[in-house]
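Just below is one structure, and these are the notes that go with it.
The values are calculated or read from the model by the stated rules, or taken from the named source; none is laboratory data. None of these values were measured; they are calculated from a predicted model. Glycine also receives a Cβ, built like all others from the backbone with ideal geometry; neighbour counts cover every protein chain displayed. Note: accessible area is taken over every heavy atom of the protein model, side chains too, but ligands, DNA and RNA are not part of it. Shrake-Rupley method; radii C 1.70, N 1.55, O 1.52, S 1.80 Å.
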Amino acid sequence: MGHPVLREQAKPLSASDIRTPEMQRLIEDMLDTMAEYQGIGLAAPQVYEGVRLFVAGSDPDTPIGDMADGARMPLIALVNPEITPIGKVVELDWEGCLSIPDIRGHVPRARDIMVRGMDRDGKKVEFRASGFPARVIQHETDHLDGVLFFDRMRSFETLTFLEEYQRYWTSDEDEE
């Protein structure tokens, strides 16, 4: 947090841009960084690249498709994402961010979304996401628009350090 690229609108990529060796290397580096820091998502601006790209998920064996809450989230690279909420249900839940280490807060997000964009090969993708995967995708897309999770918080009453989050806000079942 504090680097100007985190507060800027990221630039779209063309399908031919995505296929360059440099962009493919960036995607691989982002996947490695996300895994190293045990994240569930990482946007290009978080690694000082002002392009509309993020990586997310954890399961390399699950193909990109509709993502239900509670199901394994496929490991994806998503370029130029466009999100449309489905319905009006908004859920309040905890979020953290690799750009703001050891901080958590309650953030409202649409429960169900339609996602359009391109994959790492420049092919168009379209899918629905619900619950946790929808939250991750919205969080990472916010980074591409210069928005951090606490910008979405309704109140800072739940803004907390990770240690206090674990001590006061989670139950034993949450930690398992």
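Tabulated results
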| quantity | calculated |
| --- | --- |
| Charge dipole (debye, nearest 20) of the chain; +1 at Cβ of Lys and Arg, -1 at Cβ of Asp and Glu | 840 debye |
| Rounded to 10°, Cα long-axis angle of helix 21-36 versus longest principal axis of the chain | 20 degrees |
| Anisotropy class of segment 82-142 from Cα gyration tensor, a/c 1.5 cut | oblate |
| Cross-link reach list, aspartates and glutamates versus K123, counting only Cα pairs under 19 Å and skipping chain neighbours closer than eight places | D17, E22, E28, D61, D66, E82 |
| Helix axis angle, 132-144 relative to the chain longest principal axis, alpha carbon, degrees | 70 degrees |
| Solvent-accessible area of R7 with every protein chain in place, 1.4 Å probe, in Å² to the nearest 10 | 120 Å² |
| GNM top mover of D121, D32, D142 - the chain, alpha-carbon springs below 10 Å | D32 |
| Options G65, I103, G41, ranked by Cα towards positive dipole end of the chain, top entry (Cβ charges) | G65 |
| Area of S155 that stays accessible when all protein chains are in place (1.4 Å probe, Å², to 10) | 50 Å² |
| For the chain, accessible area per residue (1.4 Å probe, heavy atoms of protein chains only), Å² | 55 Å² |
| Ranking by accessible area, most exposed first, for H106, H3, H143 with a 1.4 Å probe | H3, H106, H143 |
| 10 Å binning of all Cα-Cα separations within segment 1-148, expressed as whole percents from 0 upward | 12, 45, 37, 6, 0 |
